[in-house]
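The values are calculated or read from the model by the stated rules, or taken from the named source; none is laboratory data. Since this is a predicted model, take the numbers as computed values, not measurements. Please note: Cβ atoms are built from the backbone with ideal geometry, for glycine as well, and neighbour counts cover all protein chains shown. Remember, those area values only see protein heavy atoms, side chains included, never the ligands or the DNA or RNA. Shrake-Rupley method; radii C 1.70, N 1.55, O 1.52, S 1.80 Å.
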Amino acid sequence: MNDRNATRGREAATPAIVARLLVDGKWVDGEGPAVTVLDKYRLEPAATVTTASRAQVEQALAGAQAAFRAGVPVAYERGAVLERAAALVLAREADFVRAMQAEAGFTASDARGEVKRCVQTLKLSAEEARRLAGDMVPLAGAPQQGGRIGLTLRVPLGVVLAITPFNSPLNTVAHKIAPGFAAGNAVILKPSTNTPLTACLLAEVLLEAGLPRGFLSVIHGSSQVAGWLIDDARVRFIAFTGSTEVGRRIQQSAGLRRTQMELGSIACTILCDDARLDSALPKIVNAGYRKAGQVCTSVQLLLVHTSILDDVQSRLTALVSALPYGDPYDPKTVVGPLISEADAVRIDAWIREAVAGGARRLAGGERKGAVVPPTLLAAIDDSMKVGACEIFGPVVCIVPYRTLDEAIARVNATPFGLATGVFTNRLDDALAAARRLEVGGVHINETSSSRVDMMPYGGSKDSGFGREGPRYAVHEMTEERMITISTENSR
């Protein structure tokens, strides 16, 4: 990222901040079409991102492969780079917060949360770099193998392609770059063109921390640019976070190459009749509306036992109605804008469609620009878009149920399976839900959005496969190699 105020002046037609490409260790202007990055609240140009040409994609691929084949830094050095990067990210917190407020529309609280989690992700990845190891295989336990030694090594794959979304422009990027490098791979990052500045800032930090030339490239561009990268056989692993539709196309193109897919979701949280509402409801509000609901695990369907339905609706209505929303630069704001005005228009249309079909809007209001007020709906129908499709916005729908079997069946009826929260203090119900819910994560007395960066994170069904979390991602991005050694006295 370059600040070009000195050369362009304030009267220039294009924004002064330019997100550039990182190719073979050098920041360069993209040769493809330029894309304007909007301030998501003001809906005004905030930056320009220069996109890559086919030749620049080739340079990045060649540079990454050459760097990897020239020699992977030893584990200690990889860990040291990531530790230094964690300290630098923390030191530049204000820069990251400003970038995310503008390009992602994050509130200061959401942006600071991204920074804190990124620091943890980098530190965890540093630990994994140092302890990455294989296993001893007891070959002498097999007939006629006495004196023979067997062991496995975890070896890097080579070039890893990371394609990241707008809704977590720092920590999701870190969850792909840091484990990729910790494992010894060269990483090519293609961030969202909605949020390129934060990704470039992280790349700057990693270079300053000593990441060797060629082990990180940053390529901006459209789906065509992503296609050029995906189709190249030098890419040995593809880590993607985004929609199920795009993930399906990437998987078809990947063929026999390995991938990790973190895709769409309709995230549910179940409130049982014995739930402790004083602690559960604030967690649900946070999980439903932080980042304006633009998280794959944001609570979309809140399944509430009928015996507590009236109480929950009354209390949630008050909590959601009190949430400050709008300008992400106002420190009091809790819910900022959507990533685009078009998304806000879509979500507003879904809400209106639901209300016209009989749903009740308990909290909410009129859309303004890219801002949709935090909305709480009741009496929805499964056929409504708000109940059948991923909203990805600040909307929570209350759905009553009578038995736990009914609630579990409702969750499992969606094509997705990322995560579910269950609030109960009955151990048998908690274990039954944990076993029967068809999702990648079940969080007891936490919401669907509960996540700690060290845990394995990923889904099932149309929510994808593979796991993030540094320990698990490092293993996904390496392969096991069998080594045997025969001594002279083998028999």
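Tabulated values for the structure
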item: From phi via Karplus (6.51, -1.76, 1.60), per-residue ³J(HN,Hα) for the stretch 261-273 in Hz, x at Gly/Pro; result: 10, 10, 10, x, 6, 10, 7, 10, 9, 9, 9, 7, 5
item: Per-residue ³J(HN,Hα) for the stretch 327-335, Karplus 6.51 cos²θ - 1.76 cosθ + 1.60, θ = phi - 60°, Hz, x for Gly and Pro; result: 5, x, 7, 7, x, 7, 5, 9, 10
item: Point-to-point label distance, THR317-SER340, nm (Cα→Cβ direction, 7 Å offset); result: 3.6 nm
item: Residue-level accessible surface for HIS443, protein heavy atoms, 1.4 Å, Å²; result: 30 Å²
item: Two-site FRET efficiency, SER243 against GLU479, from Cβ-Cβ distance with R₀ of 25 Å, rounded to 0.05; result: 0.35
item: Computed FRET value (nearest 0.05) for ARG426 with ALA349, which takes r as the C-beta separation and R₀ as 41 Å; result: 0.55
item: Spatially proximal lysines relative to LYS176 (Cα-Cα < 24 Å; intrachain offsets below 8 disregarded); result: LYS26, LYS116, LYS123, LYS190, LYS291, LYS461
item: Amide H contacts under 5 Å for LEU362, placed H, 5+ residues apart; result: LEU376, LEU377, ALA378
item: Among 184-193, 392-401, the order from most to least packed when residues are scored by Cβ within 10 Å on average; result: 184-193, 392-401
item: Inter-probe distance in nm under a simple model that places probes 7 Å from Cα toward Cβ, at GLN145 and VAL28; result: 5.0 nm
item: Convex hull of the stretch 38-86 built on C-alpha atoms - directionally averaged projected area, nm²; result: 6.0 nm²
item: Solvent-accessible area, 1.4 Å probe, carbon plus sulfur percent, for the stretch 353-488; result: 51 percent
item: Translational diffusion coefficient (Stokes-Einstein; Kirkwood radius from C-alpha pairs) of the stretch 191-304 at 4 °C, 1.567 mPa s, in µm²/s; result: 75 µm²/s
item: Listed residues LEU256, ALA174, GLY288: farthest to the positive end of the dipole of the chain (Cβ charges); result: LEU256
item: P(r) tail fraction, the stretch 271-420 - alpha-carbon pairs more than 27 Å apart, %; result: 16 percent
item: Volume per residue of the C-alpha convex hull in the stretch 50-203, rounded to whole Å³; result: 135 Å³
item: For the stretch 414-430, Karplus couplings with θ = phi - 60° (6.51, -1.76, 1.60), whole Hz, Gly/Pro x; result: 6, x, 9, x, 8, 7, 9, x, 9, 9, 7, 10, 9, 4, 5, 5, 4
item: Kirkwood Rh (inverse of mean 1/r, distinct Cα pairs), the stretch 426-491, angstrom; result: 15.2 Å
item: Built amide H within the under 5 Å cut-off of VAL399, gap 5+; result: LEU302, LEU303, VAL304
item: Exposure of LYS26 as accessible area (Å², to 10), given a probe of 1.4 Å and all protein chains; result: 110 Å²
item: Stokes-Einstein D for the stretch 383-465, Kirkwood Rh over Cα pairs, 4 °C, 1.567 mPa s (µm²/s); result: 95 µm²/s
item: Translational diffusion coefficient (Stokes-Einstein; Kirkwood radius from C-alpha pairs) of the chain at 20 °C, 1.002 mPa s, in µm²/s; result: 90 µm²/s
item: Nonlocal amide H pairs with THR424, under 5 Å, H built at 1.01 Å; result: ASN445
item: Cβ-derived FRET efficiency at R0 45 Å, LYS332 paired with VAL155, nearest 0.05; result: 0.30
item: DSSP-defined antiparallel bridges as percent of all bridges, the chain, nearest 5; result: 40 percent
